[in-house]
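The values are calculated or read from the model by the stated rules, or taken from the named source; none is laboratory data. Quick caveat, the model's predicted, so the values are computed rather than measured. Note: ideal-geometry Cβ built from the backbone for every residue, glycine included; neighbour counts use all protein chains shown. SASA here: full protein model, heavy atoms, side chains in, ligands and nucleic acids out. Shrake-Rupley method; radii C 1.70, N 1.55, O 1.52, S 1.80 Å.
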Amino acid sequence: MSHQESQKLGNVNPLETRVEDVIERGNNDFLDDNHDQDEHSESSQSHQAVDESDSSEDEVAPRNTIGDVPLEWYKDEKHIGYDIAGRKITKKERQDKLDSFLASADDSKNWRKIYDEYNDEEVELTKEEIKHIRRLLKGKAPHAEFDPYAPYVDWFKWDDAKHPLSNAPEPKRRFIPSKWESKKVVEYVRAIRKGLIKFDQPKEEPRFYLLWGDDSSSADRTKHLAYIPPPKPKLPGHEESYNPSLEYIPTQEEINSYQLMYEEDRPKFIPKKFTSFRSIPAYENAIKDSFERCLDLYLCPRVRKKRINVDPESLKPKLPSRKDLRPYPSTCYLEYRGHEGAVLSISVEPSGQWIASGSKDGTVRIWEVETGRCLRVWEIGEAVQLVAWNPLPELPVLAASVGADVLILNTGFGNEEEQKRIKELLHIGTPTSDDSDDMSSFLSWIQDEKYDCIRLRHYRTVSSIEWHRKGDYLSTVMPAGESRAILIHQLSKRLTQRLPFKLHGLPVSSVFHPTRSIFFVATKKNVRVYDLLKQKLIKKLETQLREVSSIAVHPAGDNLIVGSKEGKLCWFDMDLSSKPYKTLKCHPKDITKVAFHRSYPLFASCSDDCTSYIFHGMVYADLNQNPLIVPLEILRGHTSYDGRGVMDCKFHPRQPWLFTAGADSLIKLYCH
């Protein structure tokens, strides 16, 4: 039997197909009666040839030619396959089981016989085949002539060898069974029994399959890596033509300019014109281009990108409607006119009845909020950088920063008892200075007779003023003050003390916590949070901004916003992280001021682009829920003057109103 036939038999036992002479003899018995004598003689001659030669090349082709077809297909048929002439080969009549049992009992050679289902016949094994089977069952080679212990041939040349193979005897551990391997086997057996290691289930072959189906779309290839076709090279255009148009042919000046370029920027192909296709010379860079193409295919990584159709609207965050977030300031209701220069700062009285403003024209004005009437004016004579109203309603005093001086002004509001208390508070008999920590060299408390107020004279320009919630403490920031850049003043005792912490960087602004003894100091890069009672640093907030311009603390005290000179606004949730929770890029120019509303979930920012942005900022009591930030409105109306826009913004303490101060000397009130 040939090697090709053994592959076609598939599931047939190989022991049933080794005896060629028996198979040929059985084939002759099963031939139809219509076969002539010549066919019988040819089969006998082929039988003799098989006995004489063991070569697989001399084996005769099998009688059965059904191919690689399951025998179940012929289970209900009277024939099994076809012969060379195309005639059916009938099955051999089966003997009765009782007769076959009696015949096998009388036959002494019955144990050598096996049934060949493929050719429908019994085959008797020879003595040589039985010997082969016994050797295979014992784990030996089928041929007795094979020597498994052939002498070792040393193929290595030992003469003048730098690193010859070791001639040391084999260690004993190579011949002793490994205990570690036996332990591992036990572990694997236990894991299999417990179900920790699961084997792949045998794949069930489908009963039916597409005879003319495409193998490339079968499920067998889904487990393997997908074939990614290489990118196709660029198709030749008009420039590669042997007779291109004149506009594609470069001039001599252009060719000379190519020589001045770098080699990687120089065009690889220069169009030329030929009279005929036959006159084109061989391309000199053909091998080089082919090599570079092969390198591109070999080294260039290819990735199959799946295109996902996503609705752009689904990517937008689901925010509540602006109508549901009312009230918030949206329209300009009133303008306060009277300043002749840019209004640098504004501050609202705690009850919301009056507003104070400081201008570049050197005046401090107090306005009535509802009517816009100017009630009082202080002619300072120098640009007023900052104004801050005392947070206590029973102490209506105003702090104003003028250069290096801070004035504590009496506004004149309140009843007689309050005015009497204020005059006693603002009266200093003789100029005093705080001697603690040598404060007299850089700060002094002076009685100003002109304005009947207290003048705090610093040795550097003051850039920020903030009142404590109790109204007795006042913090000032001097960016050029070095170690004494931030000072805290006590108005009742007329004492001044510097912040007992080392400042890393130039300070910009400072804010007191609304309810606790915590102090926020903003430098140009970071925001540091200090505990004044324990006198230690609590947290350092990394703004990741170019330069901080202003900060504001939420009324609850756990969140704050930071404005920068690059137009970015950062929201910090101190319970969440030391990095910004949200960074909003809203203004194209510098942000000058940021502010929170005391009672409404609103915060605002103003910029030199003459706009103010209103945001909804809801902070929830549930720590598992993040703050909700929704942009609401852009307020316009101020005009730019000398490159500056809106200088300051403040919320009304009770109503959802916003006051803005602009460089155009106007103060605007925006209402809902």
Of the criteria (1) open to solvent by less than 40 Å² (accessible area, probe 1.4 Å); (2) under 22 Å from ALA388 (Cβ atoms); (3) in a strand (DSSP E or B), which one PRO653 fails: (3)
Test: ARG365 is touching a Cys at 6+ places or on another chain (Cβ under 7 Å), more than 17 Å from GLN419 (Cα to Cα) and open to solvent by 10 Å² or more (accessible area, probe 1.4 Å): yes
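Matching residues to (1) among the hydrophobic types (A, V, I, L, M, F, W, C); (2) at negative phi; (3) out of contact with any Pro (no Cβ under 6 Å at 6 or more places or on another chain); (4) crowded, with 21+ Cβ neighbours inside 10 Å:
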{"position": "LYS316", "(1), (2), (3), (4)": "no, yes, yes, no"}
{"position": "GLY338", "(1), (2), (3), (4)": "no, no, yes, no"}
{"position": "ILE346", "(1), (2), (3), (4)": "yes, yes, yes, yes"}
{"position": "LEU398", "(1), (2), (3), (4)": "yes, yes, yes, yes"}
Neighbours by Cβ (under 9 Å, 6+ apart or cross-chain): first from the range 68-88, within 14 Å of ASP120 (Cβ to Cβ); second loosely packed, with under 10 Cβ neighbours inside 10 Å and not aliphatic (A, V, I, L, M): LEU71/ASN11; GLY81/GLY67; LYS88/LYS78
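Of all residues in the range 75-106, how many are among the aromatic types (Phe, Trp, Tyr) and either modelled with pLDDT of 80 or more or loosely packed, with under 11 Cβ neighbours inside 10 Å (or both)?
1
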Residues satisfying the stated conditions in the range 409-430, i.e. out of contact with any Lys or Arg (no Cβ under 8 Å at 6 or more places or on another chain) and under 18 Å from GLN447 (Cβ atoms): LEU409, GLN419, LYS420, ARG421, ILE422, LYS423, GLU424, LEU425, LEU426, HIS427, GLY429, THR430
Top-ranked residue of the range 348-361 - restricted to ones that are in contact with a Phe, Trp or Tyr (Cβ under 9 Å, 6 or more places away or on another chain) and assigned to a loop (DSSP other than H, G, I, E, B), ranked as surrounded by the fewest Cβ atoms within 10 Å (Cβ to Cβ): GLN353
Residue within the range 541-550 that is open to solvent by less than 20 Å² (accessible area, probe 1.4 Å), farther than 29 Å from TRP445 by Cα, in contact (Cβ under 8 Å) with a residue 40 or more places away in the chain and of a type outside the set (Phe, Trp, Tyr) present: yes
Filter result (under 55 Å from the mean Cα position of the chain (by Cα) and either buried (at least 17 other Cβ atoms within 10 Å of the Cβ) or on the phi > 0 side of the Ramachandran plot (or both)) within the range 368-379: VAL369, GLY372
Qualifying residue in the range 161-180 (condition: assigned to a loop (DSSP other than H, G, I, E, B), modelled with pLDDT of 80 or more and surrounded by 10 or more Cβ atoms within 10 Å (Cβ to Cβ)): yes
